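Encoded as structure tokens, the structure appears first; notes follow it.
Derivation of every value follows stated rules applied to the coordinates shown; laboratory data play no part. Source: prediction; values computed, not measured. So basically every Cβ, Gly included, is an ideal-geometry build from the backbone, and we count neighbours across all protein chains shown.
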Amino acid sequence: MANLELDDLEFQRQFELAQIAATKANLTEPRAIAAYYDRTADAIVIRLRSGASFSFPPSIAQGLSGASPIDLEQIEITPMGDGLHWEKLDADFTVAGLLAGIFGTRKWMTALQM
């Protein structure tokens, strides 16, 4: 079994590398600053830090399809802005994945024929 203990110097080195990676990701990856369900358009709308907006119908998203408007409105944005979460629906999506057109598992996507 591997030794999982780190000395203070190695811990500090790995911690600094993780901070650099997080800073880089925060600057280069899409981040949500707002997300809401638009009942009129029947769409989840995501406003990005870049100023762009993106929307999609919940019917194509695994875990959101068939959900009530009240449940769809309960969107939480992760602290870094890189994900969306619906607690009651037990649904989670990454912003980058949604922008790439990933709305569920491979099986879900195949069933949608997207």
Test: Pro57 is under 28 Å from Gln113 (Cβ atoms) and touching a helix residue (DSSP H, G or I) at 6+ places or on another chain (Cβ under 6 Å): no
Residues in region 77-100 that are under 12 Å from the mean Cα position of the chain (by Cα) and either surrounded by fewer than 13 Cβ atoms within 10 Å (Cβ to Cβ) or among the charged types (D, E, K, R) (or both) total 4
Please determine, by comparing only the residues of region 27-53 that are aliphatic (A, V, I, L, M) and surrounded by 15 or more Cβ atoms within 10 Å (Cβ to Cβ), which one is farthest from the chain's Cα centre (by Cα). Ala43
